[in-house]
Ligand SMILES: *Cc1c(COP(=O)(O)O)cnc(C)c1O
């Protein structure tokens, strides 16, 4: 088309070239971020559905009735899976973070409507997702973090001890992302409900998996004191990013989630979520996938994922110097060093992740925090089963390569840090990063273990500032764009 400045095929070639340097989204080589069902036809269906809905604005389901129809269907589907009755209503959001943010906002407003005064408090086990820290920050709640054991388990008595009239919400996870623990949902809901306090179950990760996982205690809306629950369709619903479901118990309560205004000269604004105009693509993709899979399709995919997770847990448990943290529930696990063997036999989880990456599988390094030491995270998906023998071999070979190598030591680098953690300007932050050998805007180093050691040893306020600088400079354009 002569109207274009650049030929469309050249534009797409450029895009393909950019994608070549990305981590592979399919094939089971990346064990976090991506959720591959291993079904190419399902991806095609999702892409077609998304394309059909591409021009639609999800802002207004009265103008675009298709949006309401798809949303109604997905909310109903997830509500049935999570044992909600007809008193449970819900919304499709753009992702787990938005679902969590809205759960907190709703609880804060319900707490205030019930007479709560002063600053609302959010009680969160230390393993609760960072999205709840963001929610407390955005919506002005005091964050009250409950410590967990070295295995990531929160004690119900410790949660109960935090409960009081200023608590707007208690969050539990099903399961938690960093350690794969299924929090004691029933016991927490019972002590919270006795005081009239709301409970959110963060099932962003587990919401479309645990219903198909055998032998679990009740963890969803079947538990009476649970007031809301989040489940991400862009995780184990296998949809493209940008779609999650937030369910709330009670219509009156859920209406507090909405923002509505007729007090401006434009169209009446009635938003159940944070965004105004929003894409209907991921919604349509999620809907098409759920129609195509049906309950038995989900069950088959979860069964495969469960077999792979079991094999990985067994293999890691058998590797000298490593251990699986706690009792993982669902398709994920955290791996730590085994402190019961002598140091030369120990395997550091971060060096291990670096070694395994060199063997073709990307694991996720997690910094030590509180009682939980340094760990490496693995999220398992249906496609994992196809590469399972290679993966298990890489996990074992990688451990052999780094057994006895101690955890990276950041102390020599920490000398460069400014003595006080006062606010840094962007030039100073960039200079500190450069001193660590991390060129602002350049590629990350090959070995991530030293970077994680720096994060572990740096006061959070400073580490957060440095990482902000790193990410901000990543998208800073040079001069001369036109
Ligand atoms: C992924 C996840 C979230 C946040 O979801 P995003 O979709 O990344 O915004 C929240 N909680 C848990 C347990 C998660 O796994």
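Observations on the model:
- Residues in segment 240-257 that are within 11 Å of the ligand (Cβ to nearest atom) and either in a loop (DSSP other than H, G, I, E, B) or over 18 Å from the mean Cα position of the chain (by Cα) (or both) were compared, and the one that is surrounded by the fewest Cβ atoms within 10 Å (Cβ to Cβ) is 241.
- Screening residue 168 against (1) touching a helix residue (DSSP H, G or I) at 6+ places or on another chain (Cβ under 8 Å); (2) within 16 Å of the ligand (Cβ to nearest atom); (3) touching a residue at least 40 places away in the same chain (Cβ under 8 Å) leaves a single unmet condition, (2).
- For residue 222, the stated conditions hold: it is away from the ligand (no atom under 16 Å from the Cβ), on the phi < 0 side of the Ramachandran plot, touching a residue at least 40 places away in the same chain (Cβ under 8 Å) and part of a loop (DSSP other than H, G, I, E, B).
- Condition met for residue 396 (touching a helix residue (DSSP H, G or I) at 6+ places or on another chain (Cβ under 6 Å) and either surrounded by fewer than 20 Cβ atoms within 10 Å (Cβ to Cβ) or within 23 Å of residue 472 (Cβ to Cβ) (or both)): no
- When residue 402 is tested against (1) surrounded by 18 or more Cβ atoms within 10 Å (Cβ to Cβ); (2) modelled with pLDDT under 85, just one condition goes unmet, and that condition is (2).
- For segment 112-142, filtered to residues that are part of a strand (DSSP E or B) and within 13 Å of the ligand (Cβ to nearest atom), the residue that is surrounded by the fewest Cβ atoms within 10 Å (Cβ to Cβ) is 125.
- Condition met for residue 13 (within 30 Å of residue 312 (Cα to Cα) and modelled with pLDDT of 95 or more): no
- Of all residues in segment 62-79, those satisfying the criterion of being in contact with a helix residue (DSSP H, G or I) (Cβ under 8 Å, 6 or more places away or on another chain) and buried (at least 19 other Cβ atoms within 10 Å of the Cβ) are 67, 70, 71, 74, 77.
- Scanning segment 161-176 for residues that are surrounded by fewer than 18 Cβ atoms within 10 Å (Cβ to Cβ) and under 17 Å from residue 223 (Cα atoms) turns up nothing.
- Wholly enclosed helices (runs of 4 or more DSSP H) of segment 373-471 bearing at least 2 residues free of Cβ contacts under 8 Å to residues at least 24 places away in the same chain: 388-402, 426-435
- Candidates 71, 98: the one that is within 16 Å of the ligand (Cβ to nearest atom) and either under 25 Å from the mean Cα position of the chain (by Cα) or farther than 19 Å from residue 205 by Cβ (or both) is 98.
- Test: residue in segment 436-455 that is surrounded by fewer than 18 Cβ atoms within 10 Å (Cβ to Cβ), within 27 Å of the chain's Cα centre (by Cα), on the phi > 0 side of the Ramachandran plot and at pLDDT below 95: yes
- Qualifying residue in segment 108-123 (condition: assigned by TED's automatic domain parsing to the domain that holds residue 229 and under 26 Å from residue 60 (Cβ atoms)): yes
- Filter result for residue 209 (under 27 Å from residue 110 (Cβ atoms), surrounded by 24 or more Cβ atoms within 10 Å (Cβ to Cβ), within 16 Å of the ligand (Cβ to nearest atom) and at pLDDT 95 or above): no
- A single entry from 200, 234 fulfils the requirement of being within 14 Å of the ligand (Cβ to nearest atom), in the same structural domain as residue 124 (by TED's automatic domain parsing) and either in a helix (DSSP H, G or I) or farther than 16 Å from residue 122 by Cβ (or both): 234.
- Residue check: residue 23 meets all listed conditions (1) modelled with pLDDT under 95; (2) in the same structural domain as residue 208 (by TED's automatic domain parsing); (3) in contact with a strand residue (DSSP E or B) (Cβ under 7 Å, 6 or more places away or on another chain) but one, namely (2).
- Reported count of residues in segment 355-372, each being part of a helix (DSSP H, G or I) and crowded, with 24+ Cβ neighbours inside 10 Å, is 2.
- Check on residue 224, over 20 Å from the mean Cα position of the chain (by Cα), more than 17 Å from residue 129 (Cα to Cα) and surrounded by fewer than 24 Cβ atoms within 10 Å (Cβ to Cβ): yes
- Failed item in (1) under 20 Å from residue 29 (Cβ atoms); (2) touching a residue at least 60 places away in the same chain (Cβ under 8 Å); (3) surrounded by 18 or more Cβ atoms within 10 Å (Cβ to Cβ), with residue 329 passing the rest: (1)
- Verdict on residue 161 being in contact with a strand residue (DSSP E or B) (Cβ under 9 Å, 6 or more places away or on another chain), in contact (Cβ under 8 Å) with a residue 40 or more places away in the chain and more than 16 Å from the ligand (Cβ to nearest atom): no
- The conditions of being in contact with a helix residue (DSSP H, G or I) (Cβ under 9 Å, 6 or more places away or on another chain) and in the same structural domain as residue 254 (by TED's automatic domain parsing) are met by residue 272.
- Residue tally, condition part of a strand (DSSP E or B) and within 15 Å of residue 229 (Cα to Cα), over segment 155-196: 5
- Just one of the listed residues (280, 192, 260, 284) is farther than 30 Å from residue 40 by Cα, buried (at least 23 other Cβ atoms within 10 Å of the Cβ) and over 21 Å from the mean Cα position of the chain (by Cα), and it is 192.
The values are calculated or read from the model by the stated rules, or taken from the named source; none is laboratory data. What you see is a predicted model; the values in this text were computed from it and never measured. Heads up, the Cβs are rebuilt from the backbone with ideal geometry, glycines too, and the neighbour counts pull from every protein chain shown.
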